[in-house]
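Visitor: One structure, as structure tokens, below. Some questions next.
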Amino acid sequence: MLVNWLKIPVIVLIIQPAVIFSQFPPLQLESQLAHLTNILQDRDYHSLYEESVPKDKFKGKPQKLIEKLAQGVVPTHYSVFIRPILDDTGNPEERFTAPGIVKISFKCEKPTSEVFVHAVEMTINNHFVQIRNRIKAEENFSIKAMEYIPTDSVYKIVLDHPLDINKEYTLTIAFTSVVSRERMTGLYLSNYTDPATKDIKYIAITQFESIYARKAFPCFDEPDLKATFDVSIGRKLSYNSISNMNLVTTEPIVGLKGWVWDHYDTTPRMSTYLISFIVSEFESATARSDLFGGRPVKTWGQPKFIEEGDGAYAAEMAAKVLSFYETYFDTPYPIPKMDSIGLPHFQAGAMENWGANTYREKLLMYFGKNTTEAERYSITSVISHELAHQNFGDLVTCKRWTHLWLNEGFATYVSFLGVNSVAPEFKPFDLFVAEALQYAMKVDAGPKAHALVNDSVTNQMSNGDFDIITYKKGGSLIRMMQGILGEEALKKGLQQYLHKNAFGNVVTDDLYLELNSQANFDSLYENLTVKEVMDTYTYKPGFPLIRVGLGKASNVLYFTQEKFLTNRSEEVTLAEHWWVPLSIKTSLNSNFEETQPDLWLSKNVLRKQWRTENELFRSKSLDYDWLILNPNLGGYYRVLYDDKLTLLLQEQLVKNHSALPAAARARLIDDYFNAAHADYIPMDAALGFTKHLGEETDYIVWTTTFLNMKKIYSRMRSGRRFDNFNSYFRPRVVSALDRIGWEQIPGEKGLDVLLRANLLDWACNLEYMKCTRLSKRLIKMWMDSSYGLNPIPVDIQPVMICTAVATSETDEVWDFVWKKYQESESVSEKFKLISALSCSRNRTHLGFLVDEAVNTTSRIASVDASVLLQRLAASTIGNDLVFGKIKTCLGAIVNRFGGAEQVAYAISTLSIYWNDPEHLDELQEFVVRHSDTFKPVMKLLKSSIKIVEDNIRWLKRFEKQISHWLEENRGPIAAASAAATVAGAVL
């Protein structure tokens, strides 16, 4: 629970019902109300956007009250005053509350005597709820009744007389909300410890996406009910505040000594979920003013981080990326500043609040030599993602949460453009393959697949699917549109889309309308539209498998499409299939820069013959060395080739793998292994694409290989046939290491650093002696260091320390690392060291760690203990020790972690490596016996049981076949031949 995590006493603040009505003003607010009312009236405004926002009529039977909220009453402006109380005031009921007052100006578009606003987990002061004519302030409407409707999280105000259509009114509500310690949504509390004084410092933070602004102040909490905002934050003088806009003035709070109001400038027209305010003692680092046209770009964080320069990198990257986006999309950034705030506790990871982005500290702070290249890439990528939202999500916002992909899919795709503009050494367009496309397809072919857009679901029935489909599939479909239209046409279409819909809301068809104006389809499909193509991907789950085969004549190809499924026993009935863009390259025409389709498969065509004598083939004879479909991976589909075409590709990889782009090489591996696991083809066909790996030095190819080989490794590692896996795969890993170099060169950065770390991890896990010797040499250098400084390059520290612990013949290394863990004050270093300790092969050491992980008086903090349990569960020796401890001490472990969640996570890790009926029976019996304890996590445990069942089936199906192929092909790499029997990939 968050209460334990924040290490502060429990005060129950949330009382049912979720909104409390009071006949008296909230604590300490009564003396402020008269002053606030005067300020609100003095700060009247003229709307920047006088046009009314069109409202969709929501479908569906439930939530009828909220349907009224979205019709008739349309907000145009908010003035929000809120005062989070973080320090002790002498009144225990007052601390960690946030008294405030909101004045909402709105238009009445339909005659109504009822007004609904969202509000939850707050006290509403009935005595200070008013509705007045905005122009004639003296015209005050008598309130007949007020009611909270918990099922809809709305506050209902009933008037004696109806409001007049097309007139503007103001609704004023006094309230007290909660600075929660039990959730990380709405307005909530975080903290950190001052390293000098050891005092706990508190932070008030907001996280409003998707429906949580209503937990901080009463509002019309829907994405399409946009308005402008004046935000005023009350704080003590020892704190500072941040909000979306620039600070205009600060003034004392009348009657509250030592308190001030920070008044922020008026925002552009925006959705409630993007409002942000933070109260803290943070400090900031500012990017050079010339990086973004003189506009301040800052990183905020704990003073110790800022003083050590840890915020400078993020500020510089943010300024550069903002400048790039502004130019690329020809769209000015409308906020006069950008603040990026690093938070100790932030569940969402990062959030695109307009002008005030929030992040987990680890995803924002760059700790110099202690930050790995993988972490630097992550920081750069996440910043680029959130800044992409400033256009796609903030400026132009999805009208309904069911069209969330217009926010998140675009942020995914555009973030790779941003990274490429500031850190091209990471080759982000290649990384897109593994980070987005492959990831999306794994989910989209399985039981968690769902349509990207489902208009049968209303805004109120869905708060948005913040998942892989929305982010990764959404981004992959935008990349497919780039392949179809060309980058320049896509860019121009997106510029039009942003310009036309700025400060407004959109649905998917609005995007397709603008992109269609840039489309130039083949004359055969001159009436085809972007919408017609893309609807076949956005409105149903899944994607096509394309099979390619040679006809009797070599210039004849056959193409078929079907739905790709990981479970082929599933019955599939599709009313229509997909419009599939087919881009074809051969050795005679290998211009991979050309991405637009050579032909199409219609959504109503399952099989197509194509005959050509163009430059793809040059003649009717088979004189090309290879043929490949979708080489730049623009199309969202998998491809399998017939035997002859498959063999040609495998032979080409062995002969000269660089003839094909790295992304295409990675895609062949991913398509074939996924198809083999799903029984479309024999596993031999997939393994044939790994023969060239000894020559391979590209990160994306190896990353794809590791992802697919890990499934084989985890299931075979404890079996008698594992030697065949090791004998085949290890030499290829070692050969790649020999090519890129075993040790990191000073100043080296980018993907080569990431590749080396991954290759070393596998080489050491596969017990290659050179890797073991390297780890021992490096750990000795650390142990002999006069000042205790770690000389091991930070990027390979995890694998080197792990290997040294695992292979040490004495207790010396283990004792040294354990001591370093206890001495360290760095969260990231402690994580690294506790993970390394779990690598030990000494049962005494591992037993000690298991005991420490579950012991309430342990020297291992609970956050590290949860990591340790999972690491030990992944260990060949440790997994049985962990399960044994869980069985004998379940109650104590549940008490240690405040619930059964960590036990379920550990069992989930165990299940990946268990593949025998004995373990399956033992696990099933244990879960049934403790079903009451496991009730909150039963879904995860059932999933773990299914994984073990799948592992058993997999071994029966594949182990012997794979082992035989590996044994047949495990000779010297130089002698490896592509001439393998490839069967099954037929039409």
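Visitor: Starting from the Cα of ASP723, step 7 Å along the direction of its Cβ; do the same at ARG859; then give the gap between the two resulting points in nm.
Guide: Here the answer is 4.1 nm between the modelled labels.
Visitor: Specify the angular offset, from 0 to 90 degrees and rounded to the nearest 10, of the alpha carbon long axis of helix 643-656 from the longest principal axis of the alpha carbons in the chain.
Guide: For helix 643-656, the angle is close to 90 degrees.
Visitor: Among (1) 31.2, 113; (2) 30.3, 92; (3) 38.0, 127, only one was calculated for this model; which label is it, if the read-out is Rg and Dmax of the Cα atoms in Å?
Guide: Among (1) 31.2, 113; (2) 30.3, 92; (3) 38.0, 127, the one derived from this structure is (2).
Visitor: For the chain, give me every cysteine whose Cβ has no other Cys Cβ within less than 4.7 Å, ordered by residue number.
Guide: By the Cβ distance rule, which asks for a partner under 4.7 Å, the isolated cysteines are CYS108, CYS219, CYS398, CYS889.
Visitor: Using only protein heavy atoms and a 1.4 Å probe, report how much of SER838 is accessible, in Å² to the nearest 10.
Guide: Looks like 10 Å² after rounding.
Visitor: Shifting gears a bit: Kindly provide the helix-only [θ] at 222 nm of the chain, computed as the sum of -39,500 (n - 2.57) over DSSP H runs of four or more divided by all residues, to the nearest 500 deg cm²/dmol? List each step's numbers first, then the result.
Guide: Details: 31 runs with 368 residues, N = 987.
Helix-only estimate at 222 nm: -11500 deg cm²/dmol.
Visitor: What number comes out for the charge environment of THR595, summing +1 per Lys or Arg and -1 per Asp or Glu over other residues with Cβ under 11 Å away?
Guide: Within the 11 Å Cβ shell, the charges total -2.
Visitor: So which lysines can LYS956 reach, going by Cα to Cα under 22 Å and dropping same-chain residues fewer than 8 places off?
Guide: Straight-distance partners of LYS956: LYS710, LYS711, LYS942, LYS946.
Visitor: In the chain, what percentage of the DSSP-assigned beta bridges are antiparallel, given to the nearest 5?
Guide: 75
Visitor: TYR539 to ASP932: extension gain in nm, 0.36 nm per residue of separation minus the Cα-Cα distance? Don't jump to the answer; show the numbers that get you there.
Guide: Working: separation 393, 0.36 × 393 = 141.48 nm, distance 3.98 nm.
Taking TYR539 through ASP932 to full extension adds about 137.5 nm, to one decimal.
Visitor: Under the 0.36 nm per residue contour assumption, what length would be gained going from the current alpha-carbon distance of TYR558 and ALA145 to full extension?
Guide: The span from TYR558 to ALA145 would gain 141.6 nm if fully extended.
Visitor: Can you tell me the orientation of helix 827-837 relative to the chain, as the angle in degrees between its alpha-carbon axis and the longest Cα principal axis, to the nearest 10?
Guide: Roughly 30 degrees between the two axes.
Visitor: Pairs to check: LYS320/LYS369; LYS362/LYS776; LYS156/LYS215; LYS304/LYS832; LYS304/LYS369; LYS298/LYS337. Give those whose C-alpha atoms are more than 19 Å from each other in this structure.
Guide: The answer is LYS320/LYS369; LYS362/LYS776; LYS304/LYS832.
Visitor: Among 587-597, 672-682, 633-643, what's the highest-first ranking by average C-beta atoms within 10 angstrom per residue?
Guide: 633-643, 672-682, 587-597
Visitor: Suppose R0 equals 22 Å. What FRET efficiency, 1/(1 + (r/R0)^6) with r the Cβ-Cβ distance, do SER824 and THR197 give to the nearest 0.05? Display every interim value, and only then the final one.
Guide: Working: r = 20 Å, r/R0 = 0.93.
Rounded to the nearest 0.05, the efficiency is 0.60.
Visitor: If contacts are Cα pairs under 8 angstrom and at least 6 residues apart, what is the relative contact order of the chain in percent?
Guide: Contact order relative to length: 7 percent.
Visitor: Hey, got the dipole for the chain? About the Cα centre, +1 on K and R Cβ, -1 on D and E Cβ, debye to the nearest 20?
Guide: Using only the charged Cβ atoms, the result is roughly 1560 debye.
Visitor: Shifting gears a bit: For a protection proxy built on the mean count of beta-carbon atoms within 10 angstrom, sort 283-295, 646-658 highest first, please.
Guide: Per-residue mean Cβ counts within 10 Å order the peptides as 646-658, 283-295.
The values are calculated or read from the model by the stated rules, or taken from the named source; none is laboratory data. Remember, predicted model here, so these are calculated numbers, not experimental data. Please note: Cβ atoms are built from the backbone with ideal geometry, for glycine as well, and neighbour counts cover all protein chains shown. Surface accessibility is based on the protein's heavy atoms, side chains included, excluding ligands, DNA and RNA. Shrake-Rupley method; radii C 1.70, N 1.55, O 1.52, S 1.80 Å.
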